[in-house]
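This report refers to the structure that appears directly beneath it.
Derivation of every value follows stated rules applied to the coordinates shown; laboratory data play no part. Treat the numbers as computed from the prediction; the structure is a model and nothing was measured. With ideal geometry, Cβ positions are generated from the backbone for all residues, glycine too; neighbour counts draw on all protein chains shown.
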Amino acid sequence: MEFDFGSGTREDLVRLGRVLDTGAEAALALAEEVLRIRTRLGRNVALAANKAQRQYEERVRQRNIVLKARQMGVSTWIAGRFFLRTITHPGTVTVQVAHTQEAAVQIFRIVHRFLDHLPDPLRMGTLKDAKRSAGRIVIPELDSEYLVETAGDRNAGRGLTITNLHCTELARWPGEAAEILYGLLATLSPAGELAMESTPRGASGCFWKEWQDAVKTNTVRHFFPWWLEDAYVATAVEEASLTDTERQLMIEHGLTPAQIGYRRQIHENFRGLAKQEYAEDANECFLSSGECIFDLASINKRLRAVDEPVETRRNGGLRIWLPRQEGRNYLVAVDPAGGGTEGDYSAMQVIDMKTGLQCAELQEHLTPLETAQAAAELAREYSGALLAVERNNHGSGVLAHLLGLCRYDRLYMQGGQYGFLTSSVTRPGMLGRLDAALAQTPEVFKSERLLLECRSFVRHPNGRTEAQAGEHDDCVMAMAIALAVRDERLAGGTLD
């Protein structure tokens, strides 16, 4: 593809911008034509997209989040993408936010290199008058600017209307990362483009949450495992030495013996952090900060096999995999919450009493009355299911609403009282039963949301077992209640 730069006037740049907007191939070609980068070996070369960069450009939309292995070139590519849009679209404000001051300086060197090594017609035209200062490039004739800031600055982006926002290494932002991110998002133009990217850092925090919530927020997920980088090779391994895992990776992803050799180096050097620093799986790379109490191998294997629900309702809060079938008995287990938008969720699990199969799951911020109404509606849909509500705390109010306003009385009873009591006595057995089911019959679990909660359900140094800081365990506890009630009914010889 050939580009006409003219003499680099404002009109020439705008015309170039229209070509850039035609799609990925134009963007890839223009970046290679006009942008220069410095390689790991110190050479100044054209920005020819590697596999990860090309995949990003081909799938990019308005909101994007990138989960990546180390040094994949994604930060450089997004910087280049936004730089091109800044110099070809008048009125553009691009803000790139780094996790440290050192990272911000390094990124801005990349952006300065872009500007300094543009072809002469571009560099000596309108862009010749670009004003530079620490962390800022202003192009007066275009009324455009490119800023690089740090996440530690609580005023980052304040007072601006941002056109392009690049949040780099989001998992490593200091302090209240979510507060800084949401403050920046509030300044992003409704038509603006967002790119959040990072290597993973634990199954909690701002980046983890944004990755998990991507479907809800209409954000495109981009996952780039280490083997997309051609430089990640080492001495080829002998076929006879391959492990089952290595053979599987070669079959599933087409890895070469030289890539397996590099993988062995990664695991030798990084040991327990290898899955995090050189991601291979979009779930396993998020390492828990405590000891997961469930069998991680079973969870991770099942996560790779789960299917999308056949139906979703309530803005994704209700997910259904197995609709009601005539002649079958069902159980709806409920873990209630208070209803605040910042606290825990109310969660419900629907299981088939005979097989234990997970049929549906609901997770929402609901008041006790709303929880009762949703539970009654779900139980009626599933053939008048037995409804087991945790009676601790808010559960007593939910039960009262079910018996009163909702007029649903097919409720589980324990010790002569309506509801299921979770206590220091019953809790270990409930979680142990769920752990056994995850290891022995993982196929009964259909929900990625539940399995991800299981991954971040850990034993803390003080001995407590609960969700990792910043995470939720509502789906876990609802399923633990469901399995406890089902086993009790099985032991009693009744599944009705």
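Worth a mention:
- Taking His365, His394 and counting other C-beta atoms within 10 Å, the order from fewest to most: His365, His394
- Share antiparallel - DSSP beta bridges, the chain, percent rounded to 5: 50
- Virtual paramagnetic centre 7 Å along Cα→Cβ of Gln417, amide N under 20 Å, in the stretch 371-404: 372, 387-404
- Taking all pairs of distinct alpha-carbon atoms in the stretch 260-339, Kirkwood radius in angstrom: 16.8
- Built amide H within the under 5 Å cut-off of Glu193, gap 5+: Asn164, Leu165
- Residue-by-residue Karplus 3J(HN,Hα) for the stretch 119-125, coefficients 6.51, -1.76, 1.60, Hz, glycine and proline x: x, 3, x, 7, 5, 9, x
- Counting every pair of alpha carbons in the stretch 291-491, the share spaced more than 22 Å apart comes to 43 percent.
- In terms of surrounding Cβ atoms within a 10 Å radius of their Cβ, Phe270, Phe83, Phe5 rank from fewest to most as Phe270, Phe5, Phe83.
- Reachable aspartates and glutamates from Lys51, criterion Cα separation under 15 angstrom, eight or more residues apart if same chain: Glu25, Glu32, Glu229, Asp230
- Long-range amide H partners of Gln96 with built H, under 5 Å: Leu147, Val148, Glu149, His166
- Label-zone membership for the stretch 355-388, site Gln325, 7 angstrom Cα→C-beta point, backbone N under 16 Å: 355-360, 382-383
- Kirkwood radius for the stretch 10-224, taken over all pairs of different Cα atoms as the inverse mean of 1/r, rounds to 17.3 Å.
- Residues Leu357, Leu366, sorted so that the one with the fewest Cβ neighbours within 10 Å comes first: Leu357, Leu366
- The convex hull of the Cα atoms of the chain, projected and averaged over all directions, covers 27.3 nm².
- Selection among Gly415, Gly202, Asn283 by position relative to the dipole of the chain gives Gly202 as farthest towards the positive end (Cβ unit charges, Cα centre).
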